[in-house]
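Have a look at the structure below, then the notes.
The values are calculated or read from the model by the stated rules, or taken from the named source; none is laboratory data. Predicted model, so just to flag it, every value in this text is computed and none were measured. Here Cβ is always computed from backbone atoms with ideal geometry, including for glycine, and neighbour counts include all displayed protein chains.
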Amino acid sequence: MKIKILVVLIIKFCIAANLYGQQPLELSMEEAVKYAIQNNKQLRGATIGRLEAEASHRATIAQGLPQIEAAYDYQNFLGAEANLGPMVFEFTPTSNLNIRASQLIFSGSYIVGIQLSRLLKEVSEVNYKKTDAEIRSQVINSYNLILISERSKEILKQNVDNLSEVIKRTEALVTVGILDETDKDQIKVQQTMLQNAVRNAERQVEMAYNLLRMHLGVAADTDIVLTDNLLNIMAQADIEGSLRASFDINNSFDFQLMQLQRDIAARQLSLERVSFLPTAAGFYNYTEKIEEAELDFQPTTVVGINVSIPIFTSGMRYFNQQKARYNLKSVETQVALVADQLHIQERQLRYNLQNAVEQYDAQKKNIELAQRVYNNVYNKYQQGLASSLDVTTSNTNLLQAENDYVMSVMQVLEAKTALDLLLNRNTYGN
């Protein structure tokens, strides 16, 4: 009896777990951005890069801090002897425990190395912020793409349903002899074409969902439900805010990275310059003689300083310095080039957004006009005053106007997202 109860409980638990596992992931636009920030694998890689750069920086600093090491040695001379005139000395086994402490006193390479590692750490930080901003933009675009694709599919299905009604009424008119069978066939041809377009739109929707799944970092079979709709997103889009926002090139991640590359090149030049300087390190050495030789003149404690002075390398250091200097000039030129490109890109993205808004306003008016034309032609068709060709043509024009309107919405949202990314202006997931 207890076994049966246990089996029933296990089955219920499995069913409940399965049902829970099948729950779709419901996300608004802002929730989708936040979810991606927490789970996107590319962003996780950037996070690991930050940690790696921090560890590398600390390791570089540690190289110049006090170092202590211990060593143990044992030597057995297998009964060897040394004859010093009438005296014979046997080499007895020796054993020593050596403890050595050292401290770097001066090294130009060490000082510049710390500066370089700090700059590399800053590069990882900027790369992380850039990746974060790009992931936000990609999620926003993917979310909008799904809504646009869904809307396009709905438009096509609605047109198929509309043509089905037209076909029914056409069949009635054919039956009473008002219209010819050819009129019905022409409309059916267009309906078949639209049905194929619906199936293609369904594939586009699935592709858009897969793109969002990739950005969110979820499994390929994860069901996603979008809780925001296209009209609300378009109504809430602060387009005027994006157009009015000023552009500070120092907020651009690309420009920040180029500036850091310039600073790194400058430090590399400094590294070549300090290669002409000496390096000094102090040390303290203590030897605990566990087994001593018969003749041992080595002291147990030694304190000293090691100084390394570069003298002559056949011009290698000089030419390396020249190479670093040219590299710095090259990077400085690239910084100026990137600055020009970013200013031009900012002007172009503002123009793209302004143009997309104008196209959107025009398409809103166009779709209203196309709908009135279709209704007028369809009414005439029912009265026998218009042909099936007129109906299919006006329906095609209406469908094109609806698609153009949806695409204009997509162009506005994409243009706004691109401009916001350049301006470093996040509007979701903050």
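Within the option set 375, 397, 379, 352, being under 31 Å from the mean Cα position of the chain (by Cα) and assigned to a helix (DSSP H, G or I) holds for one residue only, 352. Residues in region 85-110 that are modelled with pLDDT under 85 and over 22 Å from residue 289 (Cβ atoms): 85, 86, 87, 88. Among residues that are farther than 30 Å from residue 268 by Cβ, modelled with pLDDT of 95 or more and crowded, with 16+ Cβ neighbours inside 10 Å, residue 397 is not included.
Those residues that are within 51 Å of the chain's Cα centre (by Cα) and among the polar types (S, T, N, Q), I need them from region 382-394; list them, please. 392, 393, 394 - these are the residues of region 382-394 that are within 51 Å of the chain's Cα centre (by Cα) and among the polar types (S, T, N, Q). Quick check: is even one residue across region 149-165 surrounded by fewer than 20 Cβ atoms within 10 Å (Cβ to Cβ) and over 45 Å from the mean Cα position of the chain (by Cα)? Looking through region 149-165, at least one residue is surrounded by fewer than 20 Cβ atoms within 10 Å (Cβ to Cβ) and over 45 Å from the mean Cα position of the chain (by Cα).
Within the option set 314, 330, 308, 275, being in contact with a helix residue (DSSP H, G or I) (Cβ under 6 Å, 6 or more places away or on another chain) and farther than 30 Å from residue 92 by Cβ holds for one residue only, 275. The residues of region 300-318 that are free of Cβ contacts under 8 Å to residues at least 12 places away in the same chain and either of a type outside the set (Val, Ile, Thr) or surrounded by 12 or more Cβ atoms within 10 Å (Cβ to Cβ) (or both), listed by number, are 312, 313, 314, 315, 316, 318. Residues in region 93-149 that are aliphatic (A, V, I, L, M) and within 25 Å of residue 257 (Cα to Cα): 12 in all.
Of the residues in region 74-84, at least one is of a type outside the set (A, V, I, L, M, F, W, C), more than 51 Å from the chain's Cα centre (by Cα) and outside any strand (DSSP E or B). Tell me whether region 58-65 contains one or more residues that are out of contact with any helix residue (DSSP H, G or I) (no Cβ under 9 Å at 6 or more places or on another chain), surrounded by 14 or more Cβ atoms within 10 Å (Cβ to Cβ) and small (Gly, Ala, Ser). No: zero hits. State whether the residues of region 200-219 include one that is loosely packed, with under 15 Cβ neighbours inside 10 Å, among the aliphatic types (A, V, I, L, M) and farther than 30 Å from residue 135 by Cα. No, because not a single residue in region 200-219 is loosely packed, with under 15 Cβ neighbours inside 10 Å, among the aliphatic types (A, V, I, L, M) and farther than 30 Å from residue 135 by Cα.
Checking 396, 417, 392 one by one, the residue that is hydroxyl-bearing (Ser, Thr, Tyr) and closer than 30 Å to residue 36 by Cβ is 417 and no other.
Annotation note: Cβ proximity below 9 Å between a residue of region 348-368 that is in contact (Cβ under 8 Å) with a residue 24 or more places away in the chain and a residue that is outside any helix (DSSP H, G or I) (sequence gap 6+ or interchain) occurs for 349/423; 350/247. Among the residues of region 266-299, those that are surrounded by 13 or more Cβ atoms within 10 Å (Cβ to Cβ) and among the polar types (S, T, N, Q) comprise 268, 270, 275, 279, 285, 287. When residue 174 is tested against (1) surrounded by fewer than 12 Cβ atoms within 10 Å (Cβ to Cβ); (2) over 15 Å from residue 391 (Cα atoms), just one condition goes unmet, and that condition is (1).
Pairing residues of region 322-347 that are in a helix (DSSP H, G or I) with residues that are among the acidic types (Asp, Glu), at Cβ distances under 9 Å and at least 6 apart in sequence or on separate chains, gives 322/272; 323/272; 324/272; 325/272; 338/254; 341/254; 342/254. For region 112-133, the condition of being of a type outside the set (Phe, Trp, Tyr), in contact with a strand residue (DSSP E or B) (Cβ under 9 Å, 6 or more places away or on another chain) and at pLDDT 90 or above holds for none of the residues. If you go through region 98-138 and pick out every residue that is polar (S, T, N, Q) and either under 23 Å from residue 30 (Cα atoms) or outside any helix (DSSP H, G or I) (or both), you end up with 8. Residues in region 70-92 that are surrounded by 13 or more Cβ atoms within 10 Å (Cβ to Cβ) and either touching a residue at least 24 places away in the same chain (Cβ under 8 Å) or in contact with a helix residue (DSSP H, G or I) (Cβ under 6 Å, 6 or more places away or on another chain) (or both): 89, 91, 92. Of the helices (runs of 4 or more DSSP H) lying entirely inside region 145-250, the ones with 3 or more residues being farther than 28 Å from residue 354 by Cα and out of contact with any strand residue (DSSP E or B) (no Cβ under 9 Å at 6 or more places or on another chain) are found at 181-216.
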